[in-house]
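Beneath this line is the structure, given in structure tokens, with notes to follow.
The values are calculated or read from the model by the stated rules, or taken from the named source; none is laboratory data. This structure is a prediction, so every number in the text was calculated from the model and none was measured. Cβ atoms come from the backbone with ideal geometry, glycine included; neighbour counts cover every protein chain shown. Each accessible area value is taken on the protein alone, full model and side chains, heavy atoms only, with ligands, DNA and RNA left out. Shrake-Rupley method; radii C 1.70, N 1.55, O 1.52, S 1.80 Å.
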Amino acid sequence: MLLWSTKFALPLYAAVLSLAVSAHSMAQGSSPLLDEQLIRKAALASFPELLEFLAIPNDAQVPGEDLKKNAQWLSPALKKRGFTVRTVENKGRPIVFAELAGDPARKTVLFYFHFDGQPVNPAQWSQPSPWQPVLKQRAPDGSWTKIDMQQLLRQDFDPEHRIFARSASDDKGPILMFLAALDLMREQGVLPAVNVKLILDSEEEINSPGLADAIRQEAAFLKADALIIQDGPAHPSGRPTIVFGNRGAQSLVLTVFGPKAPQHSGHYGNYLPNPALNLARLLAAMKDADGRVTIPDYYSRVTLNEDDRRVLANSGDDETAIRRRLGFAVPDKVGSNLQESLQYPSLNIRGMAAGGVGKLGANIIPRDAVAEIDIRTTVEADGPYLLGLVRRFVEQQGYVLLDHEPSDAERSRHRLIARIESGKQSPAARQPMNAPVRHWVEGALVQAHMGRTDNPQPVLLRSMGGTVPTHEIVAPLKLPFALVCVVNADNNQHAYDENLRLGNYVSGMRSMLGLLTTPYPGTRN
């Protein structure tokens, strides 16, 4: 049995023997590492670390020490597993890079994760705090019931139980799955078949503004042969999931101006135009009743050929089940199915404000009305292009667009006045689905899941609807890439009551073991 070296600097004969054992296991159709009980045991051993990590607040929008504390937790966790760690300060949002010293004969795979989380409203969560992990089981009526956390620490833990906490699935859970997979390999004396490097991002939820510069700064340290991004939900079927691209993001704030100060709705209603109603009309004009964006040329740059449409239609999505789980009757008609719809740019209203609501409400005509909009971009239709279309559309509706608060003279001249402020942007990324990296990932996942599922063949998706910083990594490093998605599809990421299914933790470890024990093409024996 091979011994694990913290530097992986083994004699050549040991490295060759390791590859030979791996190849033999593959030929036999099963690797000792992929024994279900061994994986569950390693998962169980990692749960205390997972709970400790989840307890560190990580709201990406909150300045201060929290993200530093997360990076400080990660550094010793990586070092004790033999990683060399480099931290780029990145204006108080540290980005962690790490490397396991390896064998020059092996190819190097760079794995990406992020440890920041979406903003939270603690009052919405059905637990004391989003950063106090809670274990729950599903009741017969579909609701979730809290159970004793000790249930998590049993060898026979229930795969249907879930850990509820911010970033349980997006993306701290996958980080711990990866470390647990390495721990299992170390325990069994099996070396990775690829050299391993890591990016642990602290600002993915705000479009990773500092990541590209940090990567350029550490380009030599991060040199690799392929990139695997481990973020996003697996296919609802539970099958292994490989994605070959992601949409980008462009945010904007649209403000429609009303009176110089809020006015009494009784004194001036029926006379003074209400900016909230004007904003509502403007937003409603941007989409038709079928959910299609009506802004001219919004979709025109995206073209799908018959092969694309066939692949998208064959994803295996149970759209009836999806509609039932999400709670709606009829989908928007942007594409003919879910996956086809995700290939086009979107336009989403993510927040609106005008005056007050509930106890904060007042009988006024507000001074302005504001909408925050997020646009999911594509490789063909990027942020600047779509933002330009939105600006032109607003002007075509009769609005004068200003970059400042309107003056008295401007108010007296123009009936409709608005302002558009451009927010954060992250480009989209995509590569052909027949890229060579696909065959390595697909083979690794099939081998890892053989016998554990009715269909170990991965779901192949042209592009995911969400945004991850693939472009920011691929552009400076020029790497082939794939996204491997492992967490449960119904994890509530970005919303309250985010959760991670324990069964997905185990199957996610299995996927990572497959990637770590499968030589990348070109490795010298």
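What to note about this one:
- Axis angle, to the nearest 10 degrees, between helix 66-79 and the longest C-alpha principal axis of the chain: 10 degrees.
- Legend: calculated FRET efficiency, Ser265 to Ser422, from the Cβ-Cβ distance at R0 = 30 Å, rounded to 0.05, equals 0.35.
- Summed over the residues of the chain and divided among them, the accessible surface reaches 44 Å² per residue at a probe radius of 1.4 Å.
- DSSP-loop trypsin sites (Lys or Arg not before Pro) across segment 191-256, with at most 14 other Cβ within 10 angstrom: Lys223
- Selection from Cys485, His414, Leu67 lying farthest towards where the dipole of the chain points positive, charges on Cβ: Leu67
- Placing +1 on each Lys and Arg Cβ and -1 on each Asp and Glu Cβ, with no other charges, gives the chain a dipole about its Cα centre of roughly 260 debye.
- Local electrostatic count, Glu498, Cβ distance below 14 Å [Lys/Arg +1, Asp/Glu -1]: -3
- The charge dipole of segment 262-307, taken about the Cα centre with unit charges on the Cβ atoms of Lys, Arg (+1) and Asp, Glu (-1), comes to about 340 debye, rounded to the nearest 20.
- Above-threshold pairs, the threshold being 31 Å between Cα atoms, out of Lys41/Lys80; Lys136/Lys223; Lys80/Lys107; Lys136/Lys359: Lys136/Lys223; Lys136/Lys359
- Range in the chain, longest, excluding exposed chymotrypsin sites (Phe, Trp or Tyr not before Pro) [loop by DSSP; at most 11 other beta-carbon atoms within 10 Å]: 1-270
- Size descriptor, Kirkwood hydrodynamic radius, that averages inverse alpha-carbon separations across the chain, Å: 24.9
- Lysines with Cα under 16 Å of Lys68, excluding same-chain neighbours fewer than 8 positions away: Lys91, Lys172
- Added length on full extension, which subtracts the Cα-Cα distance from 0.36 nm per residue, Glu89 to Ser129: 11.6 nm
- Charge tally around Arg162: other residues with Cβ under 15 Å, Lys/Arg +1 each, Asp/Glu -1 each, net 0.
- Whole-angstrom gap from segment 338-400 to segment 476-525, using each part's C-alpha centre: 33
- Think of it as helices only: each DSSP H run of n ≥ 4 in the chain is worth -39500 (n - 2.57), and spread over all residues that comes to -9500 deg cm²/dmol at 222 nm.
- Carbon + sulfur, % of accessible area of the chain - ligands and nucleic acids excluded, 1.4 Å: 52
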